Amino acid sequence: MMTSSLRLLKEPNVVVLAAGHGGDAPGAVYKGHQESKEAITIVDYVAKTLKEKGVEVVVVPHELDYVASIEWVNKRYEFGNAWVIEIHRDSAAGLSLDDASRRFGVYYGNSEGSKEIGKFLRDSFKSHGSNEKTWARVHTESPHKRLAWIADTKPLAHLLELGFMEGKNDEEHIIWLAKVATAAIFEAFTGNSF
Ligand SMILES: [Zn+2]
């Protein structure tokens, strides 16, 4: 049975995943590693694994840029019938390798229901191995002051920051990030333990 305990996740029956940046925008770049490419690897892994667990998942076409991704979502979904999640990697100088590798974050929208989901994801990330500094914040507290993915999409939307580009970037680590994200999304959406 899939019965989320989270109020705003009782109605949606599909998880829509998007990789951050895209089109010609690489996002953060560190020692030759591109955020946009890593986000695609993670999204594809999360989508495949959630589908294997019986969750209906749709992936926004990777060739679309940020603005086109939002238009793509809004043509197809309304508030209440989908949960849309965009996946990013964070970027900051001066963190230890371990902190940069294992600190996750989630941005939520302005409503209490969206915040409740953000905090659930934060706690689930931690229970699956992200570090103690893992956070959940309203999107208006992002460095951009406003995240279009959350503010301009019609359905319920969250944005995940899975570790920092300045942390590990080897394939094993990227798949570990994807596994932790998969577990948290699954637990929030279905109410079941991963
Ligand atoms: Zn990003």
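Only the coordinates and a few stated rules stand behind these numbers; no lab work does. Here the structure is a predicted model, which means the values were calculated and not measured. Here Cβ is always computed from backbone atoms with ideal geometry, including for glycine, and neighbour counts include all displayed protein chains.
Things to note:
- Computed over the alpha carbons of the stretch 7-190, Rg followed by Dmax gives 14.8, 42 Å.
- Total formal charge among the other residues, if their Cβ is under 12 angstrom from that of Ile174, Lys/Arg +1 and Asp/Glu -1: -2
- Antiparallel bridge percentage (DSSP; both residues within the stretch 48-191; nearest 5): 25
- Note, ³J(HN,Hα) from phi for the stretch 77-86, Karplus 6.51, -1.76, 1.60, rounded to Hz, x at Gly and Pro: 9, 10, 4, x, 10, 7, 10, 10, 10, 9
- Full extension of the chain segment joining Thr41 with Lys119 gains 25.6 nm, where the gain is 0.36 nm per residue of separation less the Cα-Cα distance.
- One Cα centroid belongs to the stretch 121-140, the other to the stretch 160-194; the line between them spans 11 Å.
- Derived scalar couplings ³J(HN,Hα) [the stretch 58-74; Karplus, 6.51 cos²θ - 1.76 cosθ + 1.60; whole Hz; x for Gly, Pro]: 10, 10, 5, x, 5, 6, 6, 7, 4, 5, 5, 4, 5, 4, 4, 5, 5
- Modelled spin-label separation between His62 and Arg7, with each label point placed 7 Å from Cα along the Cα-to-Cβ direction: 3.8 nm.
- In this structure, the residue pairs whose Cα-Cα separation is over 25 Å, taken from Lys48/Lys126; Lys51/Lys168; Lys119/Lys145, are Lys51/Lys168.
- Spin-label model, Ser193 to Glu132: label points 7 Å out along the Cα-to-beta-carbon direction sit 2.4 nm apart.
- Computed E for Thr140/Lys48 - FRET, C-beta separation, R0 41 angstrom, nearest 0.05: 0.80
- Summary value for the chain: 31 percent relative contact order, contacts being C-alpha pairs under 8 angstrom separated by 6+ residues.
- GluC sites (Glu not before Pro) restricted to the stretch 11-85 and DSSP loop, no more than 12 other C-beta within 10 Å: Glu63, Glu78
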